[in-house]
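Written out below as structure tokens is the structure these notes cover.
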Amino acid sequence: MPAIEAMTPRSRIENRWPVAKEGLPFILGFIGAGLVLALIGWWVPAVPLLTLGAFSLWFFRDPEREPPAEAGLVSPADGTVLSVSEEEDDRFLKTRAKKISIFMSVWNVHVNRAPLSGVIEGIHYEPGRFFKAHLDKSSRENEHNALVVDAGEGRRMAFVQIAGVIARRIACWVSAGDDLVRGQRVGLIRFGSRLDVYLPLDARVKVRPGDKVRAGRSILGELP
């Protein structure tokens, strides 16, 4: 079974649940089993299951967020900026680009959001390995799902959902040709992962390694 789940209904993007629906099987499964065991007095196995249920409820949280009034690209993910660099992007933009890498730990919100408004030019999914997401080689070798966005006036960028050593499921809730709105939900990666953002060389980057960012709220930079 492929590790990416493509889901396009608007209800997934305009979520009104406090948690992402991908988390419901974990939340209901752990809590339900824990409650059953607790009711019959089997507290030793019940407590770990209830703890896992509480963790799943917290991990899959999906808070409402409004993008800032300040213009610019918002972060597609919660996490820590690993690196800001330049490299030849032969996969997505097909040119030399600025690259911002963001690491999401298990403690971060894992719902991903659109960095800017535009049209999805293409979505490129590639199966791969599951190296630790903070390693540089995970950008190219790990399983990933890339969204290339046309922001108009010749401006293009890409952002890539990358699976990690624990994250084995990428959910993408949009499709090629869809209109994106800055800050809207676009997908999710389970249990620790990475997002890479590719920008044209003349883009202005406003973050640096070590910065903490929030999806849909923190400004990464500006397109020309």
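Just so it is clear, none of the values below were taken in a lab; they were calculated from the coordinates. These numbers were taken from a predicted model, which means no experiment stands behind them. Cβ sites come from the backbone with ideal geometry, for glycine too, and all protein chains shown count toward neighbours.
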*Just going by the charge dipole of segment 73-218, with Lys and Arg at +1 and Asp and Glu at -1 on Cβ, which of Tyr198, Ala146, Thr80 is farthest out on the positive end?*
Thr80
*Rank these for me by crowding, Tyr198, Tyr125, going from fewest to most other beta carbons within 10 Å.*
Tyr125, Tyr198
_Rg/Rh ratio calculated on Cα atoms of segment 73-218 (Kirkwood radius)_ = 0.92
*Of Asp178, Asp150, how do they rank once you tally other Cβ atoms within 10 Å and put the fewest first?*
Asp150, Asp178
*Most exposed first by the Cβ proxy, i.e. fewest other Cβ within 10 Å, how do Ile40, Ile120 rank?*
Ile40, Ile120
_In order through segment 145-152: 3J(HN,Hα) via Karplus (6.51 cos²θ - 1.76 cosθ + 1.60), integer Hz, x for Gly, Pro_ = 9, 9, 10, 9, 10, 9, 8, x
*Can you figure out the FRET efficiency of Val36 with Val181, using R₀ = 45 Å and their beta-carbon distance, to the nearest 0.05?*
0.60
*Listed highest first by mean packing, meaning other Cβ atoms within 10 Å per residue, what order do 104-117, 24-37 come in?*
104-117, 24-37
